[in-house]
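A.B. asks: Questions regarding the structure given below will be posed in turn.
The values are calculated or read from the model by the stated rules, or taken from the named source; none is laboratory data. Source: prediction; values computed, not measured. Neighbour counts run over all protein chains shown; Cβ positions are idealised from the backbone, glycine included.
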Amino acid sequence: MNSKGLISIFFGFFSFHKKLIINLLVLPILSFTTKYETYPLPSFISNSLNLIISVKTNIECFKCEYAAKMNDTIRASANNESKNYKLLSGNYLIPVKLIDCHNKLMNNDLQNLLNVSKFPHIQIKIKNLSISKNSGNLGKGSFIVIIDGINKEYVAFYKNYFKENILVIDGNLSIDLSDFNISPPSKFFGLVKVDKILDVNFGLKLKLNN
């Protein structure tokens, strides 16, 4: 066999093994990356948001409430194996003046505390919420809360329930006013002091957008 034949065999052998090596490297990557659906992405439509904000003092606790209907689209991803979801978006603008503490003085105090004249809204964004197809499972996710123009990420714990194609999320998160450079007020010469932690119970209803 002449030298040209040997060279041809060598390059043929090299080309075959090169393709084999590339396939062995690429296939595991593909199998990993396709575990989560990328297209088409599932989505949900927000139906309602309910908040109960607990404002504590050293004397008593006040409950302030907010409720709203809405029709916003929330992006999600789905796990191909478990069919669970992750909510990846969701933006809620909450008018501070519509938060009702069932007491005019408390309403005014809350609005002044949150600087409503300059920042009329509290903004809450969904960053990442894992949703189980098994109703009642405890979940952990994250929200971005914006108060007085300052962003802060918080961890929330919640349970979710499916009622046909309606997803219900009930949970709790604690907001630290000092994260937003807000100093809780005191009244009556310091005898009544407001706690810096706001406990927020939230309820979300969303419809699966098939």
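A.B. asks: Hey, N134 hits all of (1) surrounded by 12 or more Cβ atoms within 10 Å (Cβ to Cβ); (2) out of contact with any Lys or Arg (no Cβ under 9 Å at 6 or more places or on another chain) but one; which does it fall short on?
C.D. replies: Every condition holds for N134 apart from (1).
Rundown of residues vs (1) within 27 Å of C61 (Cα to Cα); (2) surrounded by fewer than 13 Cβ atoms within 10 Å (Cβ to Cβ); (3) in contact (Cβ under 8 Å) with a residue 60 or more places away in the chain; (4) not assigned by TED's automatic domain parsing to the domain that holds K56, yes/no style:
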site	(1), (2), (3), (4)
I146	yes, no, no, no
G149	yes, yes, no, no
Y158	yes, no, no, no
F162	no, no, no, no
L167	no, no, yes, no
D179	yes, no, no, no
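Conditions (1) over 19 Å from A67 (Cβ atoms); (2) of a type in the set (D, E, K, R), marked per residue:
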| position | (1), (2) |
| --- | --- |
| L98 | no, no |
| V145 | no, no |
| G149 | yes, no |
| Y161 | no, no |
| L173 | no, no |
| D199 | no, yes |
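A.B. asks: Quick check on my filter: what residues within the stretch 183-202 are surrounded by fewer than 18 Cβ atoms within 10 Å (Cβ to Cβ) and at pLDDT 80 or above?
C.D. replies: S183, K193, D195, K196, I197, D199, N201
A.B. asks: How many of the residues making up the stretch 119-138 are over 11 Å from the mean Cα position of the chain (by Cα) and either part of a loop (DSSP other than H, G, I, E, B) or modelled with pLDDT of 90 or more (or both)?
C.D. replies: Here the count works out to 11.
A.B. asks: Restrict the check to the stretch 115-125 and report whether at least one residue is under 19 Å from Y85 (Cα atoms), assigned by TED's automatic domain parsing to the domain that holds E60 and either in contact (Cβ under 8 Å) with a residue 12 or more places away in the chain or touching a strand residue (DSSP E or B) at 6+ places or on another chain (Cβ under 8 Å) (or both).
C.D. replies: Scanning the stretch 115-125 turns up at least one residue that is under 19 Å from Y85 (Cα atoms), assigned by TED's automatic domain parsing to the domain that holds E60 and either in contact (Cβ under 8 Å) with a residue 12 or more places away in the chain or touching a strand residue (DSSP E or B) at 6+ places or on another chain (Cβ under 8 Å) (or both).
A.B. asks: Give all pairs with beta carbons closer than 7 Å in which a residue from the stretch 49-68 that is surrounded by 15 or more Cβ atoms within 10 Å (Cβ to Cβ) meets a residue that is aromatic (F, W, Y); count only pairs at least 6 apart in sequence or on separate chains.
C.D. replies: The qualifying pairs are L49/Y92; L51/Y66; L51/F202; V55/F62.
A.B. asks: Out of the stretch 92-117, which residues are out of contact with any helix residue (DSSP H, G or I) (no Cβ under 7 Å at 6 or more places or on another chain), assigned to a helix (DSSP H, G or I) and not aliphatic (A, V, I, L, M)?
C.D. replies: Hits for the stretch 92-117 are K104, N107, N108, D109, N112.
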